[in-house]
Amino acid sequence: MDRHTIFKLSGKVLVTGASLFYLFTFSSTHAQTVRDIIIKKPTYASCNYDTYPDNIPDNLTPPPEGKKPFYISHYGRHGSRYISSRSGYDIPFKMIAHADSLDELTPTGERVFDEMKLVMADTEKRWGELTTYGKEQHRKIAQRMVERFPEVFSGDARVRCVSTVVPRCIISMGMAMIQMKQMNPKLRITMEASERNQWYLNHQNRKLRKGYMTPDAKKAYDKFISSRLDNSRLMELIFKNPDIVKEIVDEEQFNYYLMKMGLFQQHTHLWRNTYLQDLFETDELYHMWQIDNALWYIQHGACKLNGGQQPTTQKPLLRQLIADADSCIMLDKPGAQLRYGHDTVLLPLVCLMGINGFDLATDNLDELEEKGWWCSNVFPMAGNLQFIFYRSSPSDKDVLVKVLLNEQEATLPITTDCAPYYHWTDVRSFCMGKL
């Protein structure tokens, strides 16, 4: 996401996925407010820079009697990485360096400058690389997948993996496969990272991506963020003469990028040093989350302000998921198909499918938080979507599927008599309708 753009733009109980979303999500996750979550976990405020949960509850609903998992289809984001380019760090660093050259830093400002130098040195020439923490995330996700669904990975089961050509995705895939191979040396694993697969693993519609901020969206977004941009406290904390320094420091950009720099350290070996993160009060982090969440919605959600078509960018991936599932269901023992890519694919795919109510369509950005459109729930580093398929035998035509978002049971806007399981014929029909 380009922050420059932001400031330039200033009997049977039949249950639908939507009703389950409000029933279960609001009674659990939304028993907490976003602000509550940020108090406990500040990185939640950084949206797509959030860290993956360290502990995943083992609370999956048992399948209907006789049904067993036989196939897994997956799309996962790469694990924790360094910031993807130097520009994000350069913005606040050059501003504070200029102020330092004019002797305009307070003692706190001098400490902040020293911490920023440390972060810059650690990140240099590692832009976008997977961190040690990111490798461990995918190792653990793979371990839990095998432990939760041993039937899929038994014997000489096949595991076919594809990745985008970006190194952090390739290494994420490799770490997962190393773990699986250690757990079952008989697995037949294939891995591929090729431009041939980019059309569905990382498809981007240039027209939609370029035109997401329509005049209506810009007007609504500018109004939404106007009351959430207050940086005076930080300026007074760091600079001796904030009014003078304003000539060389863009308050909004300095505040935003310094906040991101502090939160981003949690993905590296500097995670124990929270000095930069601790500079910010809860409400400042919360307001940053609100601003980013609204922008992610406009960019990738079913936002009425720009026509609501942004999620359709992932039609190629959804079509491929259906085709792969159709062919694998025909096999006696299909195994698993695992795909490794990016946040800008995972989020719109979840929106396109309406998972956990993320197909929310509105022109009121103030409704997002109230109605549970919290992007941080979808795509933390190593975020993933798993489709677990069940049947009693290869001849069983009533195939069921369960959706896991970040390894937790999720809902679809589809009627079912066995929630959180869905009949594959219903899911397939629903997805084909989307296409």
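The values are calculated or read from the model by the stated rules, or taken from the named source; none is laboratory data. Everything numeric here is computed off the predicted structure, so don't read it as measured data. FYI the Cβ positions are ideal-geometry reconstructions off the backbone, even for glycines, and counts take in every protein chain you see. The protein model used for the area step is the full one, side chains on, heavy atoms only, and it has no ligands, DNA or RNA in it. Shrake-Rupley method; radii C 1.70, N 1.55, O 1.52, S 1.80 Å.
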Legend entry - Sole residue being in a helix (DSSP H, G or I) and in contact with a His (Cβ under 9 Å, 6 or more places away or on another chain), chosen from Gly109, Gly134: Gly134
Inset, instruction - Give the number of residues within the range 77-96 that are of a type outside the set (Ser, Thr, Tyr) and touching a Lys or Arg at 6+ places or on another chain (Cβ under 7 Å). - result: 4
Inset, instruction - Give the residue, chosen from Asn184, Asn197, Asn205, that is in contact with a Ser or Thr (Cβ under 7 Å, 6 or more places away or on another chain) and not hydrophobic (A, V, I, L, M, F, W, C). - result: Asn205
Inset, instruction - Might you check whether a residue that is more than 30 Å from Ile329 (Cα to Cα) and buried (at least 22 other Cβ atoms within 10 Å of the Cβ) occurs anywhere in the range 156-176? - result: yes
Inset, instruction - Quickly run through the range 182-213 and pick out the residues that are over 24 Å from the mean Cα position of the chain (by Cα) and assigned to a loop (DSSP other than H, G, I, E, B). - result: Asn184, Pro185, Lys186, Leu187
Inset, instruction - Tell me which residues, restricted to the range 292-309, are open to solvent by less than 10 Å² (accessible area, probe 1.4 Å) and either part of a loop (DSSP other than H, G, I, E, B) or not hydroxyl-bearing (Ser, Thr, Tyr) (or both). - result: Asp292, Asn293, Ala294, Leu295, Trp296, Ile298, Gly301, Cys303
Inset, instruction - Among the candidates Glu147, Glu110, Glu129, single out the residue that is touching a Pro at 6+ places or on another chain (Cβ under 9 Å), modelled with pLDDT of 95 or more, open to solvent by 70 Å² or more (accessible area, probe 1.4 Å) and not aromatic (Phe, Trp, Tyr). - result: Glu129
Legend entry - Residues satisfying the stated conditions in the range 56-83, i.e. part of a loop (DSSP other than H, G, I, E, B) and open to solvent by 60 Å² or more (accessible area, probe 1.4 Å): Pro57, Asp58, Asn59, Pro62, Glu65
Legend entry - the range 361-409, residues that are under 27 Å from Gln266 (Cβ atoms) and aliphatic (A, V, I, L, M): Leu368, Val378, Met381, Ala382, Leu385, Leu404, Leu405
